[in-house]
1. Pairs please, first residue from segment 298-309 and part of a loop (DSSP other than H, G, I, E, B), second anywhere and open to solvent by 40 Å² or more (accessible area, probe 1.4 Å) and among the charged types (D, E, K, R), Cβ atoms under 7 Å, 6+ apart in sequence or on different chains.
2. Counting only residues that are open to solvent by 10 Å² or more (accessible area, probe 1.4 Å) and farther than 19 Å from Ser141 by Cα, which one in segment 208-222 is modelled with the highest pLDDT?
3. May I ask you to verify whether Ala190 is within 12 Å of Ala134 (Cβ to Cβ) and within 23 Å of the chain's Cα centre (by Cα)?
4. Which members of segment 132-167 meet the condition of being under 28 Å from the mean Cα position of the chain (by Cα), part of a loop (DSSP other than H, G, I, E, B) and crowded, with 20+ Cβ neighbours inside 10 Å?
5. Output the number of residues of segment 93-117 satisfying the condition of being open to solvent by 10 Å² or more (accessible area, probe 1.4 Å) and closer than 20 Å to Ser280 by Cα.
6. For the subset of segment 394-408 comprising residues that are modelled with pLDDT under 90 and charged (D, E, K, R), which member is surrounded by the most Cβ atoms within 10 Å (Cβ to Cβ)?
7. Would you check if Ala442 is of a type in the set (A, V, I, L, M, F, W, C) and touching a helix residue (DSSP H, G or I) at 6+ places or on another chain (Cβ under 8 Å)?
Amino acid sequence: MIEAFHFLRPWWLLALALPAIIIWMAGRSSDVRSQWKGLIEPHLLDSLVVEGAQRSRIRPSWLLAAALALASLAAAGPAWQRETPPFVEDTAPLVIAVDLSPTMDAIDVTPSRLERAKLKIKDIVAGRAGARSAVVAYAGSAHLVLPLTEDGSLIETYTDALATRIMPVDGKNTPRALEQAEAALTGEDAAGTILFLTDGVEQQAFDAFKRKSKHAIAVLGIGTQTGGPVKTPDGGFLTDATGGRMFSRLDVEGLKNLHALTGVDVATMTDDNTDIRWVSQKIRTNFAQMQAAEGDRWRDLGWWLVIPLTILFAFSFRKGWVVRVGTTLLAARLLMPVEVEAADLTGMWLTPDQKGRIAYDKGDFEAASSHFADPMWKGTALYRAGKFAEALDSFATVDSADSWYDQGNALLHIGKFDEAAAAYKKALEKRRDWPDAAFNLAVAQKLIQQKKDDEEEQQDKPNLPPDSVQFDDKGKQGKAGKMNIAEQTSELWMKNIIVSPADLMARKFAIEAQQVKP
């Protein structure tokens with residue numbers, strides 16, 4: 001902290017000379033002898049000067065000097081902590097690893113552990129509107145169900161289809177699931193979170209969690225300590241060696257040991273949304289910590305000096321001080337007029353960007369855009385307000401990867417797909433291997449091609465008034481050909497094949513499991 005301490009606006013420290021001047025001038029004005037020594041002989045001056053009684057040890061000039069010194073330090077902007085970059089994607093990517101080992105079919109919670117986990121996934125994704133999430137399924141092997149996507153309905157479709165029967169390898173291989181989840185986050189600039197939904201983590205997997213990464217890990221235990229019987233896909237129950245029903249219990253002690261030995265955050269499911277709020281808080285905390293550590297903006301902490309400054313001014317309400325201090329402040333106010341709004345006194349101590357940030361956090365994007373001085377912040381506020389053309393103009397004043405990326409987003413909303421693609425290419429030139437820019441570039445190129453196809457289709461369609469006739473001479477220029485009925489029938493048959501997501505994943509996982517076998 002000491003090494004990082006500095007002032008954001010050090011030129012304000014020059015104002016510290018003013019308190020020293022005030023004390024010096026006040027000292028001279030209070031020294032009666034120095035005022036008269038040039039006019040009266042020293043031996044007579046001692047007899048003529050009558051010393052007044054000192055009513056207070058603290059003089060108004062000292063109070064004013066201390067207040068001005070604190071105000072100068074506050075205006076200089078002391079800082080030693082980095083600030084989270086405000087308008088990059090402020091929701092971290094999330095990878096949800098779902099345990100599909102047979103014990104997840106236990107019915108100690110209704111309707112089953114797996115079904116309860118699906119409900120939790122639905123609630124988590126619903127609370128992350130616009131954020132990207134991925135899903136990994138694992139048992140004895142681990143497989144990617146969906147890569148990072150913002151499509152909540154797609155995530156819901158595939159997670160609803162998860163079942164223990166689709167896994168090709170029995171058992172539980174948590175380290176492999178962790179590898180698969182980290183692979184899904186490869187290339188991500190933002191700090192992400194890997195969330196395990198499981199009824200236990202095997203002891204031999206603990207070492208895999210002892211690794212350094214910017215991506216955090218959280219484990220949410222699904223099940224109860226009392227346990228319950230485990231259902232089979234055919235509707236029966238798993239049995240033990242004696243032929244009785246096998247009971248599966250949530251390994252709470254194992255989860256506690258995992259936290260104690262690795263530091264991984266663990267919790268158990270709740271019947272309400274407490275566990276969902278816990279997950280959301282862990283995601284935000286990890287993202288904020290990593291962004292603050294990697295951010296390039298410093299947090300201005302000068303406003304804390306307003307508290308002692310207020311206390312100092314409280315002492316001014318003493319007999320004989322109000323007029324003297326008030327007169328001084330009024331003179332300073334007349335010499336340096338500043339526009340203030342009486343309805344918002346807090347604005348006196350806030351910079352335009354700080355006012356904009358407050359309005360932005362409240363969701364008042366138009367007001368935020370009017371306050372912001374930083375062009376990127378201003379452009380983002382305008383973008384959120386739906387003023388894409390104005391946002392584009394603001395972003396265009398900055399030549400950076402983030403600026404070109406945001407320009408591309410604004411151009412997409414305006415419908416200028418060609419210019420949007422060019423902007424994304426500029427962003428990739430300045431920051432190579434940026435997955436977000438590459439993805440949006442692909443979207444822009446797809447929209448460009450779609451627009452061309454629509455224009456060609458529109459040209460081919462007749463645009464004739466009713467009752468008019470037009471002869472098509474293009475057919476005479478064509479070439480005779482033969483249609484392969486078998487190929488056409490095969491194509492139509494392939495298009496009409498309906499495969500459930502569960503069957504599709506089962507086939508995909510089986511192929512992947514065979515490929516990793518030695």
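The values are calculated or read from the model by the stated rules, or taken from the named source; none is laboratory data. Keep in mind the model is a prediction, meaning the values are calculated, not measured. Here the Cβ is made from the backbone with ideal geometry for all residues, glycine too, and neighbour counts use every protein chain on show. All accessible areas refer to the heavy atoms of the entire protein, side chains included, with ligands and DNA or RNA removed. Shrake-Rupley method; radii C 1.70, N 1.55, O 1.52, S 1.80 Å.
1. Every condition considered, the pairs that remain are Arg299/Arg82; Arg299/Glu83.
2. Only one residue fits best here, namely Ile217.
3. no
4. Arg132
5. 1
6. If we take residues in segment 394-408 being modelled with pLDDT under 90 and charged (D, E, K, R), then Asp402 is surrounded by the most Cβ atoms within 10 Å (Cβ to Cβ).
7. Details: of a type in the set (A, V, I, L, M, F, W, C): yes; touching a helix residue (DSSP H, G or I) at 6+ places or on another chain (Cβ under 8 Å): no.
Judged against the criteria, Ala442 is not a match.
Okay, residues lined up against (1) more than 25 Å from Val443 (Cβ to Cβ); (2) outside any helix (DSSP H, G or I); (3) open to solvent by less than 40 Å² (accessible area, probe 1.4 Å):
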residue: Tyr360; (1), (2), (3): yes, no, yes
residue: Ser369; (1), (2), (3): yes, no, yes
residue: Ala410; (1), (2), (3): no, no, yes
residue: Glu419; (1), (2), (3): no, no, no
residue: Ala423; (1), (2), (3): no, no, yes
